Amino acid sequence: MDDFRKLVGIMERLRAEGGCEWDRAQSHASLRQYLLEEAHEVLDAINRKDPALLCEELGDLLIQILFHAQIARENGDFDISAVVASISEKMTRRHPHVFSDATAETPEAVSLQWDHIKKTVENRKHASLVGGVPRKFPSLLRASKLTKKAARAGFDWENTGQVMSKVEEELGELKEAISLGKPLEMEHELGDLLFALVNLARFLNVNPEVALMTANVRFERRFRSMEEIAAKSGCAIEKSDLATLDRFWEMAKKATS
C-alpha cells in the first residue's frame, strides 16, 4: 500500500500548481484516447506472453485510473478511495457464492447470477433486453455483447452447425450482392456476414476482438518477414509480380509462427 500511496501522491503533485503543465491541462474528455490506447497495449502485452511488459503496461493503465480519480477529486466528485471502496463493495455483492451462502458451480451459473444481481439488487434494468451495451464499443466487441444478451433471452441457435449454416447463407448473399455490383447492398451483406461470424465465435468460446487482433499481429509479422526474404533475394516487394509475392508469403509463413 505504501507504493500505491506514493503513486497517488505523484499524480497529486503532477496536477498541483507548479506541477506538469501538460498533466494540469487534461480533463476526463481529453484523456479518453489515452485510456483506450493503454488498454490495448495491455492486451498486446498479454498476447506477447511477456510478463515484464505486461507489468509495465498495467502500470500505465493504472496511472490513467489515478488520473481520472484525481481530476474527479479536484472537481469535488469523488477520489481514488471512493473508487476502491465502490469496487470492493461491488465485487463482494456480485460474488454471494464466495462471500455468502449462495451457490454457483459453473462459469455460466456465475454469469447468470451476475445478471440477476444487476437487475434486482442494483436495479440496473434497461428498456430492452439488449440495452446497456455502449455504442462506442469497438464494433466486434459490441456485436459480441449484443448477441450474448439476445441468447440469454432465448433468441439463439441450438448448435455450432446451425451457426455455420448461417455464416454460409450470409456469404452466399454477399456473393449475390457483389455480382449485382451494388455498393450499399455489399456493405449490408458484409455486415451481416461479420455479425454471423461473431455469433460463431461465441459458440466456439472465442473472443472475436482478440482473434482479429492476433490475426493483425500475425499478418504484420509475416509481411515483415516477407520483406526481409524479398530483400535477401534482391527484389523489391512493390515491383514483384503476384506469383513471386505468393512464393515469398509461403516462405514467410514457414519462417514465422
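The values are calculated or read from the model by the stated rules, or taken from the named source; none is laboratory data. No experiment lies behind these values; they were computed from the predicted model shown. Cβ sites come from the backbone with ideal geometry, for glycine too, and all protein chains shown count toward neighbours.
Miscellaneous remarks
- Any hit, the range 183-190, residues being within 23 Å of the chain's Cα centre (by Cα), surrounded by 15 or more Cβ atoms within 10 Å (Cβ to Cβ) and at pLDDT 95 or above: yes
- Taking the criterion of being outside any helix (DSSP H, G or I) and either at pLDDT 90 or above or under 23 Å from the mean Cα position of the chain (by Cα) (or both), the residues of the range 191-241 that qualify are 204, 205, 206, 207.
- Any chance residue 52 is under 23 Å from the mean Cα position of the chain (by Cα) and more than 25 Å from residue 138 (Cβ to Cβ): yes
- Residues in the range 149-174 that are within 11 Å of residue 129 (Cβ to Cβ) and part of a helix (DSSP H, G or I): 149, 150, 151, 152.
- Any chance residue 43 is under 26 Å from residue 141 (Cα atoms) and in contact (Cβ under 8 Å) with a residue 60 or more places away in the chain: yes
- Pair list, Cβ < 8 Å and 6+ apart or interchain, from the range 137-148 residues that are of a type in the set (Lys, Arg) to residues that are surrounded by fewer than 16 Cβ atoms within 10 Å (Cβ to Cβ) and not in a helix (DSSP H, G or I): 142/134; 142/135; 145/137
- Annotation for the range 226-244: no member residue is hydroxyl-bearing (Ser, Thr, Tyr) and either within 30 Å of residue 150 (Cβ to Cβ) or touching a residue at least 40 places away in the same chain (Cβ under 8 Å) (or both).
- Of all residues in the range 52-93, those satisfying the criterion of being modelled with pLDDT of 95 or more, of a type in the set (A, V, I, L, M, F, W, C) and farther than 22 Å from residue 38 by Cα are 78, 82, 85.
- Here residue 113 meets the list (1) surrounded by 11 or more Cβ atoms within 10 Å (Cβ to Cβ); (2) at pLDDT 90 or above; (3) not hydrophobic (A, V, I, L, M, F, W, C) almost entirely, failing just condition (2).
- Being among the basic types (Lys, Arg) and either surrounded by 15 or more Cβ atoms within 10 Å (Cβ to Cβ) or farther than 19 Å from residue 209 by Cα (or both) holds for only one residue in 48, 13, and it is 13.
- Counting the residues of the range 230-244 that are surrounded by 15 or more Cβ atoms within 10 Å (Cβ to Cβ) and closer than 30 Å to residue 47 by Cα gives 1.
- For residue 214, the conditions (1) at positive phi; (2) surrounded by 13 or more Cβ atoms within 10 Å (Cβ to Cβ) all hold with the exception of (1).
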